[in-house]
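The structure appears below as C-alpha coordinates.
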Amino acid sequence: MIARVAIVGAGRVGTTLTRALVEAQYDVVSVMSRTLGSAQKAVNTANENNSTAVDKIADIAASDIVFLTVPDELIKATAREIMESAVDTKAICHCSGAKSSAELQFAADAGMRVASMHPLQSFADPGTAMANLPGTYWALEGVEGLTDELQTMIQRLQGICLPIKRDQKVAYHAGAVLACNYLYTLESIATKVMSQSGIPPEDCLKALMPLLQGTLNNMGSVGLPQALSGPISRGDIHTVEQHLSNLSSISSPERAREVYSLMGMEAIDMATKQITGIDSDTAERLRSLLDPQKKYSNQ
Ligand SMILES: NC(=O)c1ccc[n+]([C@@H]2O[C@H](COP(=O)([O-])OP(=O)(O)OC[C@H]3O[C@@H](n4cnc5c(N)ncnc54)[C@H](OP(=O)(O)O)[C@@H]3O)[C@@H](O)[C@H]2O)c1
(Lines give C-alpha, C1' and ligand atoms only; values in the text may rest on other atoms or scores of the structure.)
Protein backbone atom coordinates (compact mmCIF):
# COMPACT_ATOMS: atom_id res chain seq x y z
CA MET A 1 0.00 0.00 0.00
CA ILE A 2 1.26 3.50 -0.83
CA ALA A 3 1.67 5.68 2.26
CA ARG A 4 5.01 7.49 1.81
CA VAL A 5 5.61 9.49 -1.37
CA ALA A 6 8.64 11.35 -2.73
CA ILE A 7 8.33 14.00 -5.44
CA VAL A 8 11.16 14.78 -7.88
CA GLY A 9 10.77 18.04 -9.86
CA ALA A 10 9.12 20.91 -7.99
CA GLY A 11 7.54 22.70 -10.95
CA ARG A 12 3.87 23.29 -11.73
CA VAL A 13 2.74 19.65 -11.42
CA GLY A 14 5.20 18.64 -8.67
CA THR A 15 4.20 21.55 -6.42
CA THR A 16 0.47 20.92 -6.91
CA LEU A 17 0.87 17.18 -6.37
CA THR A 18 2.82 17.80 -3.15
CA ARG A 19 0.01 19.87 -1.71
CA ALA A 20 -2.79 17.65 -3.04
CA LEU A 21 -1.18 14.46 -1.68
CA VAL A 22 -0.61 16.02 1.75
CA GLU A 23 -4.26 17.14 1.82
CA ALA A 24 -5.26 13.58 0.82
CA GLN A 25 -3.39 12.32 3.93
CA TYR A 26 -0.35 10.88 2.13
CA ASP A 27 3.00 11.26 3.81
CA VAL A 28 5.13 13.27 1.36
CA VAL A 29 8.55 12.48 2.79
CA SER A 30 10.80 14.41 0.36
CA VAL A 31 10.47 16.99 -2.38
CA MET A 32 13.60 16.99 -4.51
CA SER A 33 14.32 19.56 -7.21
CA ARG A 34 17.29 20.87 -9.19
CA THR A 35 16.97 24.11 -7.19
CA LEU A 36 16.55 23.84 -3.42
CA GLY A 37 14.40 27.01 -3.44
CA SER A 38 11.81 25.34 -5.72
CA ALA A 39 11.68 22.26 -3.51
CA GLN A 40 11.28 24.41 -0.40
CA LYS A 41 8.51 26.45 -2.05
CA ALA A 42 6.63 23.24 -2.88
CA VAL A 43 7.01 22.02 0.70
CA ASN A 44 5.74 25.39 2.01
CA THR A 45 2.56 25.24 -0.11
CA ALA A 46 1.31 22.28 1.92
CA ASN A 47 0.19 22.82 5.51
CA GLU A 48 0.98 20.36 8.26
CA ASN A 49 3.38 18.18 6.34
CA ASN A 50 6.61 16.46 7.31
CA SER A 51 8.30 16.89 3.92
CA THR A 52 11.94 17.75 3.59
CA ALA A 53 13.17 19.81 0.65
CA VAL A 54 16.35 18.46 -0.94
CA ASP A 55 18.35 19.14 -4.09
CA LYS A 56 20.17 15.81 -4.41
CA ILE A 57 18.65 12.50 -5.50
CA ALA A 58 20.74 10.68 -2.92
CA ASP A 59 19.06 12.69 -0.13
CA ILE A 60 15.53 11.46 -0.96
CA ALA A 61 14.06 9.70 2.08
CA ALA A 62 12.71 6.14 1.97
CA SER A 63 9.29 6.00 0.27
CA ASP A 64 6.75 3.60 -1.25
CA ILE A 65 6.79 5.50 -4.54
CA VAL A 66 8.76 8.28 -6.24
CA PHE A 67 6.81 10.56 -8.57
CA LEU A 68 8.86 12.07 -11.37
CA THR A 69 7.46 15.49 -12.27
CA VAL A 70 10.49 16.68 -14.23
CA PRO A 71 10.26 17.73 -17.92
CA ASP A 72 9.50 14.72 -20.16
CA GLU A 73 12.95 14.52 -21.69
CA LEU A 74 14.53 14.14 -18.23
CA ILE A 75 12.33 11.25 -17.05
CA LYS A 76 14.63 8.46 -18.16
CA ALA A 77 17.85 10.08 -16.94
CA THR A 78 16.31 11.01 -13.58
CA ALA A 79 14.94 7.49 -13.07
CA ARG A 80 18.36 6.11 -13.94
CA GLU A 81 19.96 8.36 -11.31
CA ILE A 82 17.42 7.14 -8.74
CA MET A 83 18.28 3.52 -9.55
CA GLU A 84 22.04 4.19 -9.48
CA SER A 85 21.81 6.13 -6.20
CA ALA A 86 19.94 3.17 -4.68
CA VAL A 87 17.16 5.46 -3.41
CA ASP A 88 15.04 3.38 -1.01
CA THR A 89 11.72 3.06 -2.86
CA LYS A 90 9.47 0.32 -4.20
CA ALA A 91 8.02 2.11 -7.24
CA ILE A 92 8.60 4.91 -9.76
CA CYS A 93 5.81 6.73 -11.58
CA HIS A 94 5.99 9.66 -13.98
CA CYS A 95 3.25 12.14 -14.92
CA SER A 96 3.89 12.63 -18.64
CA GLY A 97 0.95 12.50 -21.04
CA ALA A 98 2.77 11.35 -24.18
CA LYS A 99 5.31 9.02 -22.62
CA SER A 100 4.33 5.68 -21.13
CA SER A 101 5.82 3.49 -18.43
CA ALA A 102 7.99 2.02 -21.23
CA GLU A 103 10.25 4.98 -20.43
CA LEU A 104 10.97 3.23 -17.12
CA GLN A 105 11.40 -0.29 -18.56
CA PHE A 106 15.05 -0.49 -17.51
CA ALA A 107 13.92 0.11 -13.91
CA ALA A 108 11.19 -2.54 -14.24
CA ASP A 109 13.82 -4.95 -15.57
CA ALA A 110 15.79 -4.28 -12.38
CA GLY A 111 12.76 -5.21 -10.23
CA MET A 112 11.17 -1.77 -9.64
CA ARG A 113 7.38 -1.38 -10.02
CA VAL A 114 6.67 1.28 -12.66
CA ALA A 115 3.69 3.27 -13.93
CA SER A 116 2.64 6.49 -15.63
CA MET A 117 -0.21 8.58 -14.20
CA HIS A 118 -1.09 11.68 -16.21
CA PRO A 119 -3.49 14.35 -14.92
CA LEU A 120 -5.65 15.48 -17.84
CA GLN A 121 -5.54 19.04 -16.59
CA SER A 122 -3.70 22.28 -17.36
CA PHE A 123 -1.34 23.37 -14.56
CA ALA A 124 -0.53 27.04 -15.04
CA ASP A 125 -0.02 28.03 -11.40
CA PRO A 126 -0.33 25.85 -8.29
CA GLY A 127 -3.24 27.85 -6.72
CA THR A 128 -5.51 27.54 -9.75
CA ALA A 129 -4.34 23.97 -10.35
CA MET A 130 -5.44 22.95 -6.82
CA ALA A 131 -8.91 24.37 -7.48
CA ASN A 132 -9.09 22.55 -10.84
CA LEU A 133 -7.93 19.19 -9.51
CA PRO A 134 -11.22 17.72 -8.14
CA GLY A 135 -12.97 15.92 -11.00
CA THR A 136 -9.82 15.68 -13.11
CA TYR A 137 -9.32 12.49 -15.16
CA TRP A 138 -5.97 10.72 -14.72
CA ALA A 139 -4.70 8.42 -17.49
CA LEU A 140 -3.16 5.44 -15.76
CA GLU A 141 -1.10 2.47 -16.94
CA GLY A 142 1.68 0.37 -15.47
CA VAL A 143 2.38 -2.88 -13.68
CA GLU A 144 -0.51 -4.76 -12.14
CA GLY A 145 -0.96 -4.18 -8.44
CA LEU A 146 0.69 -0.78 -8.55
CA THR A 147 -2.08 0.53 -10.80
CA ASP A 148 -4.66 -0.62 -8.20
CA GLU A 149 -2.86 1.39 -5.52
CA LEU A 150 -2.61 4.40 -7.84
CA GLN A 151 -6.30 4.11 -8.64
CA THR A 152 -6.96 4.47 -4.90
CA MET A 153 -4.66 7.50 -4.87
CA ILE A 154 -6.60 9.09 -7.77
CA GLN A 155 -9.86 8.55 -5.84
CA ARG A 156 -8.35 10.17 -2.75
CA LEU A 157 -7.31 13.13 -4.95
CA GLN A 158 -11.01 13.34 -5.97
CA GLY A 159 -10.04 12.40 -9.50
CA ILE A 160 -11.38 9.88 -12.01
CA CYS A 161 -9.21 7.05 -13.28
CA LEU A 162 -8.86 6.68 -17.07
CA PRO A 163 -7.19 3.32 -17.75
CA ILE A 164 -5.07 3.46 -20.91
CA LYS A 165 -2.88 1.07 -22.89
CA ARG A 166 0.85 1.72 -22.87
CA ASP A 167 1.08 2.06 -26.65
CA GLN A 168 -1.96 4.39 -26.96
CA LYS A 169 -0.63 7.30 -24.95
CA VAL A 170 0.61 9.37 -27.90
CA ALA A 171 -2.86 9.46 -29.54
CA TYR A 172 -4.42 10.25 -26.16
CA HIS A 173 -1.97 13.10 -25.56
CA ALA A 174 -2.26 14.54 -29.11
CA GLY A 175 -6.03 14.82 -28.48
CA ALA A 176 -5.40 16.52 -25.15
CA VAL A 177 -3.01 19.03 -26.72
CA LEU A 178 -5.54 19.87 -29.44
CA ALA A 179 -8.31 20.33 -26.85
CA CYS A 180 -6.32 22.35 -24.34
CA ASN A 181 -3.16 23.99 -25.68
CA TYR A 182 -4.71 24.76 -29.05
CA LEU A 183 -7.68 26.40 -27.36
CA TYR A 184 -5.20 28.99 -26.07
CA THR A 185 -3.72 29.22 -29.59
CA LEU A 186 -7.17 29.73 -31.04
CA GLU A 187 -7.96 32.50 -28.54
CA SER A 188 -4.63 34.15 -29.40
CA ILE A 189 -5.61 34.27 -33.08
CA ALA A 190 -9.22 35.23 -32.26
CA THR A 191 -8.19 38.21 -30.13
CA LYS A 192 -5.76 39.44 -32.81
CA VAL A 193 -8.52 39.29 -35.43
CA MET A 194 -11.12 40.81 -33.11
CA SER A 195 -8.87 43.71 -32.09
CA GLN A 196 -8.85 44.85 -35.73
CA SER A 197 -12.41 46.00 -35.05
CA GLY A 198 -10.99 48.75 -32.83
CA ILE A 199 -11.68 46.99 -29.50
CA PRO A 200 -8.44 47.17 -27.48
CA PRO A 201 -6.67 43.76 -27.49
CA GLU A 202 -6.72 43.55 -23.68
CA ASP A 203 -10.52 43.98 -23.72
CA CYS A 204 -11.04 41.30 -26.38
CA LEU A 205 -10.06 38.34 -24.20
CA LYS A 206 -12.01 39.81 -21.26
CA ALA A 207 -15.09 40.10 -23.48
CA LEU A 208 -14.59 36.60 -24.88
CA MET A 209 -14.37 34.90 -21.47
CA PRO A 210 -18.16 34.70 -20.77
CA LEU A 211 -18.64 33.45 -24.35
CA LEU A 212 -15.99 30.78 -23.79
CA GLN A 213 -17.49 29.77 -20.46
CA GLY A 214 -20.97 29.56 -22.02
CA THR A 215 -19.52 27.50 -24.88
CA LEU A 216 -17.95 25.02 -22.43
CA ASN A 217 -21.24 24.82 -20.51
CA ASN A 218 -23.13 24.08 -23.74
CA MET A 219 -20.62 21.41 -24.74
CA GLY A 220 -20.92 19.83 -21.29
CA SER A 221 -24.72 19.84 -21.34
CA VAL A 222 -25.69 19.03 -24.94
CA GLY A 223 -22.39 17.57 -26.24
CA LEU A 224 -21.00 17.39 -29.77
CA PRO A 225 -22.07 18.04 -32.48
CA GLN A 226 -25.30 19.45 -31.03
CA ALA A 227 -23.63 22.35 -29.17
CA LEU A 228 -22.23 23.91 -32.36
CA SER A 229 -23.83 27.27 -33.17
CA GLY A 230 -22.85 30.08 -35.55
CA PRO A 231 -23.00 30.73 -39.29
CA ILE A 232 -21.90 27.26 -40.46
CA SER A 233 -24.44 25.56 -38.22
CA ARG A 234 -27.11 27.87 -39.67
CA GLY A 235 -25.91 27.42 -43.24
CA ASP A 236 -25.34 31.17 -43.46
CA ILE A 237 -23.10 31.17 -46.55
CA HIS A 238 -23.03 34.94 -47.04
CA THR A 239 -21.60 35.55 -43.52
CA VAL A 240 -18.86 32.98 -44.14
CA GLU A 241 -18.03 34.74 -47.43
CA GLN A 242 -17.77 38.07 -45.61
CA HIS A 243 -15.50 36.57 -42.93
CA LEU A 244 -13.16 35.09 -45.54
CA SER A 245 -12.97 38.33 -47.42
CA ASN A 246 -12.24 40.26 -44.21
CA LEU A 247 -9.61 37.75 -43.06
CA SER A 248 -7.85 38.06 -46.42
CA SER A 249 -7.53 41.79 -46.00
CA ILE A 250 -6.02 41.84 -42.52
CA SER A 251 -2.27 41.67 -42.09
CA SER A 252 -1.99 39.85 -38.77
CA PRO A 253 -2.00 37.03 -38.06
CA GLU A 254 -1.40 35.77 -41.60
CA ARG A 255 -2.58 32.27 -40.67
CA ALA A 256 -6.02 33.46 -39.44
CA ARG A 257 -7.75 32.66 -42.74
CA GLU A 258 -6.15 29.22 -42.96
CA VAL A 259 -7.22 28.38 -39.40
CA TYR A 260 -10.74 29.67 -40.09
CA SER A 261 -10.98 27.52 -43.23
CA LEU A 262 -9.51 24.33 -41.74
CA MET A 263 -11.66 24.48 -38.63
CA GLY A 264 -14.64 25.48 -40.75
CA MET A 265 -14.32 22.20 -42.69
CA GLU A 266 -14.73 20.26 -39.42
CA ALA A 267 -17.65 22.55 -38.47
CA ILE A 268 -19.38 21.64 -41.76
CA ASP A 269 -19.08 17.91 -40.97
CA MET A 270 -20.53 18.61 -37.51
CA ALA A 271 -23.37 20.79 -38.88
CA THR A 272 -24.47 17.98 -41.23
CA LYS A 273 -24.87 15.69 -38.21
CA GLN A 274 -26.88 18.10 -36.05
CA ILE A 275 -30.58 17.39 -35.44
CA THR A 276 -31.56 20.51 -37.37
CA GLY A 277 -28.42 20.20 -39.51
CA ILE A 278 -27.60 21.81 -42.84
CA ASP A 279 -28.58 20.01 -46.05
CA SER A 280 -26.03 18.40 -48.36
CA ASP A 281 -26.25 21.17 -50.97
CA THR A 282 -25.44 23.87 -48.38
CA ALA A 283 -22.63 21.70 -47.00
CA GLU A 284 -21.08 21.34 -50.47
CA ARG A 285 -21.29 25.09 -51.16
CA LEU A 286 -19.62 25.82 -47.81
CA ARG A 287 -16.94 23.18 -48.47
CA SER A 288 -16.06 24.69 -51.83
CA LEU A 289 -15.88 28.14 -50.18
CA LEU A 290 -13.66 27.02 -47.32
CA ASP A 291 -11.53 24.38 -49.06
CA PRO A 292 -8.04 25.12 -47.68
CA GLN A 293 -6.53 23.92 -51.01
CA LYS A 294 -8.20 26.87 -52.75
CA LYS A 295 -6.35 29.27 -50.44
CA TYR A 296 -7.11 32.87 -51.47
CA SER A 297 -8.83 32.33 -54.84
CA ASN A 298 -12.37 33.02 -53.56
CA GLN A 299 -11.83 36.55 -52.24
N1 LIG B 1 1.97 21.67 -16.86
C2 LIG B 1 0.96 20.90 -17.21
O3 LIG B 1 -0.12 21.42 -17.52
C4 LIG B 1 1.07 19.38 -17.18
C5 LIG B 1 -0.13 18.65 -17.22
C6 LIG B 1 -0.07 17.28 -17.12
C7 LIG B 1 1.15 16.63 -17.04
N8 LIG B 1 2.31 17.36 -17.05
C9 LIG B 1 3.59 16.60 -16.94
O10 LIG B 1 4.16 16.84 -15.65
C11 LIG B 1 5.59 16.81 -15.75
C12 LIG B 1 6.13 18.13 -15.22
O13 LIG B 1 5.61 19.19 -16.00
P14 LIG B 1 5.54 20.69 -15.41
O15 LIG B 1 4.68 21.45 -16.34
O16 LIG B 1 5.25 20.66 -13.98
O17 LIG B 1 7.06 21.14 -15.64
P18 LIG B 1 7.80 22.40 -15.00
O19 LIG B 1 6.83 23.36 -14.42
O20 LIG B 1 8.77 22.86 -16.02
O21 LIG B 1 8.57 21.75 -13.78
C22 LIG B 1 9.61 20.84 -13.93
C23 LIG B 1 10.51 21.00 -12.73
O24 LIG B 1 11.53 20.00 -12.80
C25 LIG B 1 12.65 20.50 -12.12
N26 LIG B 1 13.85 19.90 -12.70
C27 LIG B 1 14.43 20.16 -13.90
N28 LIG B 1 15.50 19.37 -14.04
C29 LIG B 1 15.59 18.62 -12.91
C30 LIG B 1 16.49 17.63 -12.47
N31 LIG B 1 17.51 17.24 -13.22
N32 LIG B 1 16.31 17.08 -11.26
C33 LIG B 1 15.26 17.46 -10.47
N34 LIG B 1 14.38 18.42 -10.84
C35 LIG B 1 14.55 18.98 -12.05
C36 LIG B 1 12.63 22.00 -12.30
O37 LIG B 1 12.94 22.48 -11.02
P38 LIG B 1 13.77 23.75 -10.60
O39 LIG B 1 12.73 24.82 -10.44
O40 LIG B 1 14.34 23.26 -9.32
O41 LIG B 1 14.79 24.06 -11.64
C42 LIG B 1 11.20 22.35 -12.68
O43 LIG B 1 10.58 23.18 -11.74
C44 LIG B 1 5.91 16.56 -17.21
O45 LIG B 1 6.11 15.18 -17.40
C46 LIG B 1 4.65 17.01 -17.94
O47 LIG B 1 4.46 16.32 -19.18
C48 LIG B 1 2.30 18.71 -17.11
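The values are calculated or read from the model by the stated rules, or taken from the named source; none is laboratory data. Values in this document were obtained by computation on a predicted structure and should not be read as measured data. For neighbour counting, all protein chains shown are included, and Cβ atoms are generated from backbone atoms with ideal geometry for every residue, glycine included. Remember, those area values only see protein heavy atoms, side chains included, never the ligands or the DNA or RNA. Shrake-Rupley method; radii C 1.70, N 1.55, O 1.52, S 1.80 Å.
Return one number: the angle in degrees, 0 to 90 and rounded to the nearest 10, between the long axis of the Cα atoms of helix 36-45 and the longest principal axis of the Cα atoms of the chain.
Rounded to the nearest ten degrees, it is 80.
So what's the angle, to the nearest 10 degrees on a 0 to 90 scale, between helix 75-84 and the longest Cα principal axis of the chain?
0
What's the longest uninterrupted piece of the chain once you rule out the GluC sites (Glu not before Pro) that are loop residues per DSSP with at most 15 other Cβ within 10 Å?
145-253
I'd like to check one number: the per residue accessible area of the range 180-294, probe 1.4 Å, reported in Å² as a whole number.
Heavy-atom SASA per residue in the range 180-294 reads 62 Å².
Can you compute 3J(HN,Hα) from phi for each residue in the range 212-229, using the Karplus curve 6.51 cos²θ - 1.76 cosθ + 1.60 with θ = phi - 60°, rounded to whole Hz and x for Gly and Pro?
In residue order, the calculated couplings are 5, 5, x, 4, 5, 4, 4, 5, x, 8, 9, x, 9, x, 4, 6, 4, 10 Hz.
Among 179, 131, 190, determine the one that fluctuates most according to a GNM of the chain built with springs between C-alpha atoms less than 10 Å apart.
131
Which order do the peptides 151-159, 203-211, 114-122 come out in when sorted by mean C-beta neighbours inside 10 angstrom, highest first?
114-122, 151-159, 203-211
Could you identify which residue out of 136, 128, 69 has the top mean-square fluctuation in a GNM of the chain using Cα springs shorter than 10 Å?
With Cα springs under 10 Å in the chain, the top fluctuation among 136, 128, 69 is at 128.
Report, to the nearest whole %, how much of the accessible area of the chain belongs to carbon and sulfur atoms, 1.4 Å probe, protein only.
Exposed carbon and sulfur together represent 53 percent of the surface.
Within a Cβ distance under 12 Å of residue 32, other residues only, what is the Lys/Arg minus Asp/Glu net charge?
-1
Roughly how tilted is helix 181-194, in degrees to the nearest 10 and between 0 and 90, from the longest Cα axis of the chain?
40
Could you compute the net charge surrounding residue 2? Neighbours are other residues with a C-beta less than 13 Å from the C-beta of residue 2; K and R count +1, D and E count -1.
Result for the neighbourhood of residue 2: 0.
In deg cm²/dmol, rounded to 500, what helix-only [θ] at 222 nm does the chain give when every DSSP H run of at least 4 residues adds -39500 (n - 2.57) and the total is split over its residues?
Taken over the chain, the calculation gives -15000 deg cm²/dmol.
Kindly state, to the nearest 0.05, the FRET efficiency for residue 272 paired with residue 125, given R0 = 41 Å and r defined as their beta-carbon distance.
0.50
May I ask you to list the lysines whose Cα is less than 25 Å away from that of residue 192, ignoring any residue fewer than eight positions away on the same chain?
206, 294, 295
Hey, can you find the accessible area per residue of the range 4-168 for me, probe 1.4 Å, expressed in square angstrom?
Here the residues of the range 4-168 average 45 Å² of exposed surface.
Return the subset of 41/169; 41/76; 76/169 for which the Cα-Cα distance in this structure is over 27 Å, preserving the input order.
Correct reply: 41/169.
Once the piece of chain linking residue 187 and residue 251 is laid out straight, how much longer is it, given 0.36 nm per residue of separation minus the C-alpha distance between them?
21.3 nm
Can you spot the aspartates and glutamates whose alpha carbon is less than 16 Å from residue 273's alpha carbon? Ignore those fewer than 8 places along the same chain.
Cα-Cα hits under 16 Å: 281, 284.
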